[in-house]
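A.B. asks: This structure is in structure tokens; I'll ask about it shortly.
The values are calculated or read from the model by the stated rules, or taken from the named source; none is laboratory data. Just so it is clear, the structure is predicted and the values come from calculations on it, not from any experiment. Here the Cβ is made from the backbone with ideal geometry for all residues, glycine too, and neighbour counts use every protein chain on show.
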Amino acid sequence: MTLKTILTGATVALGLAAGAVIPAQAQDDKTKVGFIYVGPIGDGGWTYEHNEGRLAVEEHFGDQVETVYQESVPEGADATRAITQMALNGADLIFTTSFGYMDATLAVAEKFPDVKFEHATGYKTAPNLSTYSARFYEGRAIQGHIAGKMTESNIVGYIASYPIPEVIRGINAAFIHARKANPEVEFKIIWAYTWFDPAKEADAATALIEQGADVILQHTDSTAPQAAAEKAGGVVTFGQASDMAEYKPFPRVSSIIDDWKPYYIARTQAVIDGTWESHQVWDGIGPGMVAIGEITDAVPAEVKQEALALKDAIASGEYHPFTGPLKKQDGSDWLAEGETADDGTLLGMDFYVEGLDADIPQ
Amino acid sequence: MEKRPQPSRRWLYLSPLLAVVVTMLAGGALFAALGKNPVEAIATIFWEPLFGEFAFYYRPQLLVKGAPLVLIAIGLSLGFRAGVWNIGAEGQYIIGALAGAGVGLAFFPLDAWFIFPLMVIAGALGGLAWGMIPGLLKLRFGTNEILVSLMLVYVAEKLLAAMALGPMKNPEGMGFPGSRNLQQYPSAHNADLIADTGMHWGVVAALIAVIFAYILLGRHVLGYQIRLTGQAPRAARFAGVNPARLALFCLGISGALAGLAGMFEVSGPAGQVSIDFNVGYGFTAIIVAFLGRLHPFGIALAGLLMALTYIGGEIAQSNLGLPSAAIQMFQGMLLFFLLAVDLLTNYRLRLTPRPETA
């Protein structure tokens, strides 16, 4: 690189600074949809399902759209560049599919007012930045019920990722319903501090099994815990984010599936029609954003029926997984008899419910 | 194959270039096997960031991505030359970031000019202290600095998670982990010195480090001692070098530089202390140090080349749909071929069969 090219670069950069807002490049009339993934597509869990959503968009719109993606994007400074790069290359709509992309997405959204952004599981919005998330905790309630019924050691292991409200909510929902099904049940929780790391997840699963757990719930995305459970034998697991059907019928007895397809298609359609508006969406089993994977025959028929009844009640809105009377872990009152939790409390949940014998990492 | 009496000077400089060329060929074959146009893929990685349509955005990003690599690699190279193996720069990088950000967050929301300089000092001291631990343990108990410095990376990662979830958590973050965003706190923000050029203080520090390292190695007695200890430890001892003190110096200085890199990153491009703050600069810098032949100017070039493969690799991923694993393999090939081609520096090929000797 000669001095001249450096200077040219600097001049262009300076010109850019003066203009502050970078115009998105208008390409052909195809709508370009970008996806930023936190893990590899082959994780078999979270990123896999987002990619299924991307493929559904391609299939649904055919030649009308073009999709691009980048996988394993670290959260932080690298995410800003990855998102900017997509916007520069003419993306009209960009989905950033992990909580940790929040500030990066917001920063890029400010620079590209004509591009629409959708950030999964966050809480910051802008006129061209929506958030969307699924009520995974509804699925956790059903898992908790099955877990409570299936455990013989009365110890349920839980592989948690990060102590953020979404994960704490899942632990609470699972615990409440496991206790309802089996008052003797105890939870052992391991924090893996990762969304996807097969080695760490396998270690966590093995540690939980050694501590006597015969049911393992996970909020991490790989199938490593299923493999560890299969090796140990007699340990029940559930698919996370994706069906993880290759471990059917045992150890994987059911699963929570994130189904982003309808949402991604609807939002792409909105961009094509010019009707896209910023919003905050939080959908559950009812609208189909959360699905419960097949409950296998390893689960007694009676338990399966109860679980399905619970699912129907949640889907119809007849039952809310956080219904009082419920107390917080410290014994203080939270919800009175028949009262249900409001979304604000759920979105910022930073406490355990009564009965959980563990501490949230501080 | 025959050992050269002396390492070839010509090959010393040619081999990195040859390694890049061979990597391009092998990488092209890899991309072709994945069903992509190899020429287009290679061109995207090496050409697009520098001269492509959006080079105005990518060129500054090269500095952003390259600066921490160069800063850390310069520190490491001093130790590597003296045979002191600091593998834990990643941990020193984290601690520097925590110390620097800690000072900045402690002053929030005070608006004062002295906050950023204090953060710089804290960052350097944090990294220095973390780098000194393996040094002091080596001195006192004869432990292996490779193991201790590597293990301390994991300790630092745990500390980082604890800080992001506890003491440094943003009180206005609705319970989510991660500190306040320092980019939104002007007194602590390591902003671009000229907007959108990528020239933040970390880049300046990297440049200064390159020049200082060059002078140190070429002109200063300490540099002479470092080189001598690496090449002939016994001779160095006779020349009056205190190996323990030299090891401490190398670990301390590489720790301080890694700490500075972390501090500039957390207050600039990254913005906040988060659980996943570290993305492997400390480990990649080891590659950069060797790719640059442990020479300050070589390291500066190697850092930029590494940054280029990162950024070009990202463009190739999203424009051509190449999987990220293929890009990582491509980067791995670079080191592999460099080491392979290195053989030519110390050995030469003989085309004729060796004459039989009695």
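A.B. asks: Would you pick out the residues in segment B:198-231 that are within 14 Å of another protein chain (Cβ to nearest Cβ) and surrounded by 19 or more Cβ atoms within 10 Å (Cβ to Cβ)?
C.D. replies: B:Gly198, B:Met199, B:His200, B:Gly202, B:Val203
A.B. asks: Moving on. For segment A:266-345, give me every one of the strands (runs of 3 or more DSSP E) that falls completely inside it and has 1 or more residues that are closer than 29 Å to A:Thr97 by Cα.
C.D. replies: Qualifying strands (runs of 3 or more DSSP E): A:280-283, A:290-293.
A.B. asks: Has segment A:110-123 got any residue that is within 14 Å of another protein chain (Cβ to nearest Cβ), at positive phi, under 16 Å from the mean Cα position of the chain (by Cα) and surrounded by fewer than 24 Cβ atoms within 10 Å (Cβ to Cβ)?
C.D. replies: yes
A.B. asks: Could you list, in sequence order, the residues of segment A:143-190 that are assigned to a helix (DSSP H, G or I), more than 14 Å from every other protein chain (Cβ to nearest Cβ) and among the basic types (Lys, Arg)?
C.D. replies: A:Lys149, A:Arg179, A:Lys180 - these are the residues of segment A:143-190 that are assigned to a helix (DSSP H, G or I), more than 14 Å from every other protein chain (Cβ to nearest Cβ) and among the basic types (Lys, Arg).
A.B. asks: Just to be sure before I move on: is A:Tyr101 in contact with an Asp or Glu (Cβ under 7 Å, 6 or more places away or on another chain), within 30 Å of A:Phe322 (Cα to Cα) and either crowded, with 22+ Cβ neighbours inside 10 Å or not β-branched (Val, Ile, Thr) (or both) in the structure I sent?
C.D. replies: Yes, satisfied.
A.B. asks: Got a sec? Which of A:Val156, A:Val167 is under 22 Å from A:Ala213 (Cβ atoms), in contact (Cβ under 8 Å) with a residue 60 or more places away in the chain and among the hydrophobic types (A, V, I, L, M, F, W, C)?
C.D. replies: The match here is A:Val156.
A.B. asks: Which residue out of B:Gly262, B:Gly271 is in contact (Cβ under 8 Å) with a residue 40 or more places away in the chain, under 30 Å from A:Tyr101 (Cα atoms) and not in a loop (DSSP other than H, G, I, E, B)?
C.D. replies: B:Gly262
A.B. asks: Please go through (1) among the aromatic types (Phe, Trp, Tyr); (2) in contact with a Leu (Cβ under 6 Å, 6 or more places away or on another chain); (3) without any contact (Cβ under 8 Å) to a residue 60 or more places away in the chain for B:Phe51 and return the number of the only condition it doesn't satisfy.
C.D. replies: (2)
A.B. asks: Scan segment B:21-43 and tell me whether some residue there is within 14 Å of another protein chain (Cβ to nearest Cβ), crowded, with 24+ Cβ neighbours inside 10 Å and part of a helix (DSSP H, G or I).
C.D. replies: No, that holds for no residue.
A.B. asks: I'm trying to understand the selection: among the residues of segment A:124-164, which are of a type in the set (A, V, I, L, M) and either assigned by TED's automatic domain parsing to the domain that holds A:Gln211 or buried (at least 20 other Cβ atoms within 10 Å of the Cβ) (or both)?
C.D. replies: Of everything in segment A:124-164, those that are of a type in the set (A, V, I, L, M) and either assigned by TED's automatic domain parsing to the domain that holds A:Gln211 or buried (at least 20 other Cβ atoms within 10 Å of the Cβ) (or both) turn out to be A:Leu129, A:Ala134, A:Ala141, A:Ile142, A:Ile146, A:Ala147, A:Met150, A:Ile155, A:Val156, A:Ile159, A:Ala160, A:Ile164.
A.B. asks: While we're here: Condition test on B:Gly321, is it within 11 Å of chain A (Cβ to nearest Cβ) and touching a strand residue (DSSP E or B) at 6+ places or on another chain (Cβ under 9 Å)?
C.D. replies: yes
A.B. asks: When you look at A:Thr223, is it in contact with a Lys or Arg (Cβ under 8 Å, 6 or more places away or on another chain) and closer than 23 Å to A:Glu49 by Cβ, yes or no?
C.D. replies: Answer is no for this residue.
Residues are listed down the side, and each one gets a yes or a no for (1) of a type in the set (D, E, K, R); (2) in contact with a Leu (Cβ under 8 Å, 6 or more places away or on another chain); (3) modelled with pLDDT of 95 or more:
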site	(1), (2), (3)
A:Gly62	no, no, no
A:Gln70	no, no, no
A:Ala77	no, no, no
A:Ala82	no, no, no
A:Met86	no, no, no
A:Thr96	no, no, yes
A:Asp114	yes, no, no
A:Glu118	yes, yes, yes
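A.B. asks: Another question about this same structure. Testing B:Ala270 on (1) within 14 Å of chain A (Cβ to nearest Cβ); (2) buried (at least 21 other Cβ atoms within 10 Å of the Cβ); (3) under 20 Å from B:Tyr13 (Cα atoms), one condition comes back false. Which one is that?
C.D. replies: All conditions are met except number (3).
A.B. asks: Can you pull out the residues in segment A:67-106 that are of a type in the set (Gly, Ala, Ser) and within 8 Å of another protein chain (Cβ to nearest Cβ)?
C.D. replies: Within segment A:67-106, A:Ser72, A:Gly76, A:Ala77, A:Ala82, A:Gly100 meet the criteria.
A.B. asks: Quick check on my filter: what residues within segment A:336-362 are more than 23 Å from A:Gly157 (Cβ to Cβ) and either of a type outside the set (A, V, I, L, M) or over 26 Å from the mean Cα position of the chain (by Cα) (or both)?
C.D. replies: Across segment A:336-362, the qualifying residues are A:Ala336, A:Glu337, A:Gly338, A:Glu339, A:Thr340, A:Asp342, A:Asp343, A:Gly344, A:Thr345, A:Gly348.
A.B. asks: Mind listing whichever residues of segment B:1-20 are more than 18 Å from B:Gly298 (Cα to Cα) and part of a loop (DSSP other than H, G, I, E, B)?
C.D. replies: Within segment B:1-20, B:Met1, B:Arg4, B:Pro5, B:Gln6 qualify.
A.B. asks: Could you check, for segment B:239-251, whether at least one of its residues is among the polar types (S, T, N, Q), surrounded by fewer than 19 Cβ atoms within 10 Å (Cβ to Cβ) and more than 30 Å from A:Pro163 (Cα to Cα)?
C.D. replies: yes
A.B. asks: Give segment B:168-197 a look and list any residue that's farther than 16 Å from B:Phe116 by Cα and at the interface with chain A (Cβ under 9 Å from one of its Cβ atoms), or say none.
C.D. replies: B:Lys169, B:Met174, B:Gly175, B:Phe176, B:Pro177, B:Gly178, B:Ile194, B:Ala195, B:Asp196, B:Thr197, listed by residue number.
A.B. asks: Another question, then. Tell me, yes or no, whether segment B:51-61 has at least one residue that is in a helix (DSSP H, G or I), modelled with pLDDT under 90 and more than 30 Å from B:Tyr185 (Cα to Cα).
C.D. replies: Yes, that holds for at least one residue.
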